[in-house]
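Below you'll find the structure, written out as structure tokens, and then a few comments.
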Amino acid sequence: MTAAIIDGKAFAARVRAEVAAHVARLKEEQGLTPGLAVVLVGEDPASQVYVSSKGKQTVEVGMTSFEHKLPADTPEADLLALIARLNADPAVHGILVQLPLPGHLNSELVINSIDPAKDVDGFHISNVGLLGTGQKSMVPCTPLGCLMMLRDHHGSLSGLNAVVVGRSNIVGKPMAQLLLGDSCTVTIAHSRTRDLPAVCRQADILVAAVGRPEMIKGDWVKPGATVIDVGINRIERDGKTRLVGDVDFAGAAAVAGAITPVPGGVGPMTIACLLANTLTAFCRSHGLSEPQGLTA
Ligand code: NDP
């Protein structure tokens, strides 16, 4: 069997087009424009690339982008004061603080100082609690993107066995909550899981969020399963730097029913979902109906 490729790049372009159409209608009918503020502290090169990409795509869908770049030694009080200003600013509907923060800053304190209604990353403790109790929340972008692709591919996920490998707060745990919300039977695996290959072989839906290049092999995959590879790992091969996922793509694609590639799978969906979340936050703050198909 050769798996169908789930094209995250094309899917993300569709999500951005839907967001852009919605934003254009809002401007025409209400004269209002959603705004996203991104805060970057320090000069981490990968974070700089992400932030400029987020700003560019925000403008492309017709939203206002506010970029705040602060020096690496910014005192915590200054960062908290900026977040308080953004919380109070009616032109800002989404706030994202790019992680990781420099070591002297308390990430939890900073994230929990964001107004939960503007927390478009879905990391505020209130949003984590709302998601965990099945209530309306802001949902972390990467797992939301995975859920959208799974719903699109399967229609209903009800009753399917899902295995999520990885239990981080930003991917594994919220992914598991979302799959549970769609009535999957969910197993969360991690570094202490016994006989991980056998656990993975039970999965109709296998989500890999581990951070170990090509760890999940083809013979860990149930024939016909859908494999979502969240991993982004930079490796050297044949003298070149390459991006690979947490799944051995060739081995898994020979067995799976469908699979996301790396690059071009989950990655592009993450920023698309950030834009979708900003639109959702805007609609909620104005008491407008939420965009269909762009929320959990
Ligand atoms: P973390 O390092 O926070 O978590 C990794 C998880 O994998 C942990 O729960 C860990 O278990 C588990 N794990 C590690 N080694 C093993 C092993 N040998 N067997 C089983 N489980 C293992 O990573 P993140 O969740 O932040 O990210 C995971 C991957 O996803 C990374 O490659 C990251 O780059 C990528 N990523 C991609 C995004 C995108 O936009 N596509 C966005 C965010 C992340 P334990 O808890 O027991 O230590």
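The values are calculated or read from the model by the stated rules, or taken from the named source; none is laboratory data. The model shown is predicted, which means the values in this text are computed figures rather than measured ones. Neighbour counts run over all protein chains shown; Cβ positions are idealised from the backbone, glycine included.
Structure summary
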item: Qualifying residue in segment 37-59 (condition: within 28 Å of Ser289 (Cβ to Cβ) and part of a loop (DSSP other than H, G, I, E, B)); result: no
item: Meets criteria (more than 16 Å from the ligand (Cβ to nearest atom) and either under 19 Å from His286 (Cα atoms) or touching a residue at least 60 places away in the same chain (Cβ under 8 Å) (or both)) for Pro75; result: no
item: Out of Gly155, Gly224, sole residue that is on the phi > 0 side of the Ramachandran plot, free of Cβ contacts under 8 Å to residues at least 60 places away in the same chain and more than 15 Å from the ligand (Cβ to nearest atom); result: Gly155
item: Residue within segment 77-92 that is of a type in the set (D, E, K, R), modelled with pLDDT of 95 or more, in a strand (DSSP E or B) and under 17 Å from Ile114 (Cα atoms) present; result: no
item: Selected residue (criterion: surrounded by the most Cβ atoms within 10 Å (Cβ to Cβ)) from residues of segment 54-103 that are of a type in the set (Ser, Thr, Tyr) and under 22 Å from Val19 (Cα atoms); result: Thr58
item: Val255 vs. criteria touching a Gly at 6+ places or on another chain (Cβ under 6 Å), among the hydrophobic types (A, V, I, L, M, F, W, C) and within 16 Å of the ligand (Cβ to nearest atom); result: no
item: Residues located in segment 170-192, provided they are within 9 Å of the ligand (Cβ to nearest atom), touching a residue at least 24 places away in the same chain (Cβ under 8 Å) and more than 20 Å from Thr295 (Cβ to Cβ); result: Gly172, Ile188, Ala189, His190
item: Residue ranges of strands (runs of 3 or more DSSP E) in segment 220-285 with at least 1 members over 30 Å from Lys136 (Cα atoms) and within 14 Å of the chain's Cα centre (by Cα); result: none
item: Tabulated pairs, segment 258-282, first without any contact (Cβ under 8 Å) to a residue 40 or more places away in the chain, second assigned to a loop (DSSP other than H, G, I, E, B) and within 14 Å of the ligand (Cβ to nearest atom), C-beta under 6 angstrom, 6+ apart or interchain; result: Val262/Gly245
